[in-house]
Amino acid sequence: MAGSDGVVPCAGLLISPAHADPEYWPLRIPSGYRHCDVLWNERALSCLEKAENSRRRWQSGLALENRRVVALAAAHDPRYRRMTARQLEKTALWRWRLSTAAQALRRSENNSRERAEKYLAFVEFRRNAGAGPA
């Protein structure tokens with residue numbers, strides 16, 4: 001994306017995608033900058049969206065397990081019938097956390113968050129290295 005002089009066209013400008021999160025945008029591009037960071041920011045955003053999706057799926061699985069345990073208690077399952085609502089909730093959480101699906105979703109969320117942090121750290125490193133001494 002750099003021009004013939006090696007400088008990116010957005011150098012010295014503030015850039016922001018449509019419907020951007022105000023916490024991260026607009027992004028100031030230093031004058032004379034030679035790298036396009038938009039791609040890295042988009043990758044970080046994609047990873048964060050994946051992490052949030054994993055988190056939603058984890059919560060959905062917990063809600064499903066909670067309903068299952070409550071239904072078993074209502075059906076007078078001897079393991080659950082004398083438990084209070086709070087005990088049923090704790091039992092569902094314990095059972096869900098130990099499940100293979102929950103552990104895979106937790107790993108996916110953590111991996112996606114770590115990857116996003118690495119992309120953002122790389123952009124920060126390049127921007128600091130490209131800024132030069134003040």
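Taken over the range 78-97, the criterion of being basic (Lys, Arg) and within 30 Å of the chain's Cα centre (by Cα) is satisfied by Arg86, Lys90, Arg95, Arg97.
Look at Arg126 and say whether it is in a helix (DSSP H, G or I), surrounded by fewer than 17 Cβ atoms within 10 Å (Cβ to Cβ) and at pLDDT 95 or above.
Numbers: in a helix (DSSP H, G or I): yes; surrounded by fewer than 17 Cβ atoms within 10 Å (Cβ to Cβ): yes; at pLDDT 95 or above: no.
No, not satisfied.
Scanning the range 20-74 for residues that are over 23 Å from the mean Cα position of the chain (by Cα) and of a type in the set (Ser, Thr, Tyr), which turns out farthest from Gln103 (Cα to Cα)? If we take residues in the range 20-74 being over 23 Å from the mean Cα position of the chain (by Cα) and of a type in the set (Ser, Thr, Tyr), then Ser31 is farthest from Gln103 (Cα to Cα).
Here is a yes/no grid of residues against (1) farther than 28 Å from Asn128 by Cβ; (2) aromatic (Phe, Trp, Tyr); (3) part of a loop (DSSP other than H, G, I, E, B):
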{"residue": "Pro9", "(1), (2), (3)": "no, no, yes"}
{"residue": "Glu23", "(1), (2), (3)": "no, no, yes"}
{"residue": "Glu42", "(1), (2), (3)": "no, no, no"}
{"residue": "Leu62", "(1), (2), (3)": "yes, no, no"}
{"residue": "Arg86", "(1), (2), (3)": "yes, no, no"}
{"residue": "Ala116", "(1), (2), (3)": "no, no, no"}
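For Glu52, are the conditions met, namely being without any contact (Cβ under 8 Å) to a residue 60 or more places away in the chain and surrounded by 14 or more Cβ atoms within 10 Å (Cβ to Cβ)?
When the stated conditions are applied, Glu52 does not pass them.
Here Asp77 meets the list (1) touching a helix residue (DSSP H, G or I) at 6+ places or on another chain (Cβ under 7 Å); (2) within 28 Å of Gln103 (Cα to Cα); (3) not in a helix (DSSP H, G or I) almost entirely, failing just condition (1). Residue pairs whose Cβ atoms lie under 6 Å apart, sitting 6 or more positions apart in sequence or on different chains, and linking a residue in the range 64-85 that is assigned by TED's automatic domain parsing to the domain that holds Ser99 to a partner that is of a type in the set (Lys, Arg) and not in a helix (DSSP H, G or I), are Ala73/Arg81. When Val70 is tested against the conditions (1) within 28 Å of Leu14 (Cα to Cα); (2) crowded, with 17+ Cβ neighbours inside 10 Å, the lone failure is (1).
The values are calculated or read from the model by the stated rules, or taken from the named source; none is laboratory data. Predicted, not measured: the structure shown is a model, and the values here were computed from it. With ideal geometry, Cβ positions are generated from the backbone for all residues, glycine too; neighbour counts draw on all protein chains shown.
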